Amino acid sequence: MEENQNNTNNTNPVGQQPYQPQQQVPTNMQQNINQNMNYQNNDEMYSQPKTINICGLLSFIFSLIAIFKFYIPLSITAIVLGSIGIAKFKPEKESHKWMAITGLIIGIIEVAVLIIAFMIGFMIGFYSAF
């Protein structure tokens with residue numbers, strides 16, 4: 001009768017196998033995993049900080065100055081430096097790519113506005129002569 005009770009305890013009424021715990025990782029493997037994690041954390045701790053994209057920064061500054069001065073050479077300089085800043089941007093070493101993009105966009109808008117203003121002024125001067 002005791003055999004019958006043991007058999008009924010080991011079988012699951014649904015027909016599934018009873019839960020068996022997973023094997024534990026051997027200690028030498030666990031030590032290797034811990035060492036690898038420590039190396040990765042040390043690399044992150046001692047990595048160099050990212051530098052600012054200088055061409056992007058200058059492009060942004062020149063474009064902001066050109067907004068208030070309406071000086072076309074500064075706008076063209078902002079466009080050139082913004083293009084260089086975007087082209088030579090290295091994400092693993094530099095940050096602030098947005099400055100290059102913003103300087104480029106503002107520079108292009110400024111040049112377009114100044115050209116349109118020059119054309120309107122030329123047309124007004126041309127037609128007022130007649």
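Values quoted throughout were computed directly from the atomic coordinates according to the rules given, and no laboratory measurement underlies them. Just so we're clear, the structure is a prediction, and the values are computed from it rather than from any experiment. Don't worry about glycine lacking a Cβ; one is built from the backbone with ideal geometry, like all the others, and counts go over all protein chains shown.
For the stretch 107-123, 3J(HN,Hα) computed residue by residue from phi via the Karplus equation (6.51, -1.76, 1.60; θ = phi - 60°) reads x, 5, 4, 5, 5, 5, 5, 5, 5, 5, 5, 5, 5, 5, x, 5, 5 Hz, glycine and proline entered as x. Taking the charge dipole of the stretch 51-128 about its Cα centre, with +1 at Lys and Arg Cβ atoms and -1 at Asp and Glu Cβ atoms, the residue from L114, F62, I84 reaching farthest to the positive side is I84.
What FRET efficiency do you get for L57 and V111 if R0 is 25 Å and r is their Cβ-Cβ distance, rounded to the nearest 0.05?
On the way: r = 20 Å, r/R0 = 0.80.
It comes to 0.80.
The magnitude of the dipole of the stretch 51-128, with charges of +1 and -1 set on the Cβ of Lys/Arg and Asp/Glu and taken from the Cα centre, is near 140 debye. Highest mean packing first, where packing is the average number of other Cβ atoms within 10 Å per residue, the peptides 109-117, 56-64 line up as 56-64, 109-117. One quarter of the surface of the convex hull around the alpha-carbon atoms of the stretch 51-128 equals 4.9 nm², the direction-averaged projected area.
List the chymotrypsin sites (Phe, Trp or Tyr not before Pro) within the stretch 69-117 that fall in a DSSP loop (any state other than H, G, I, E or B) and whose Cβ has at most 12 other Cβ atoms within 10 Å. Walk me through the numbers on the way to the answer.
On the way: sites: F70, Y71, F89, W98; in loops: F70, Y71, F89.
Answer in residue order: F70.
At a Cα cut-off below 20 Å, give the lysines reachable from K97, other chains included and same-chain residues fewer than 8 away excluded. Partners within reach: K50, K88.
Quick one: I120, I105, I79, fewest Cβ neighbours within 10 Å first, how do they rank?
Details: I120 10, I105 15, I79 22.
Least crowded to most crowded, the residues run I120, I105, I79.
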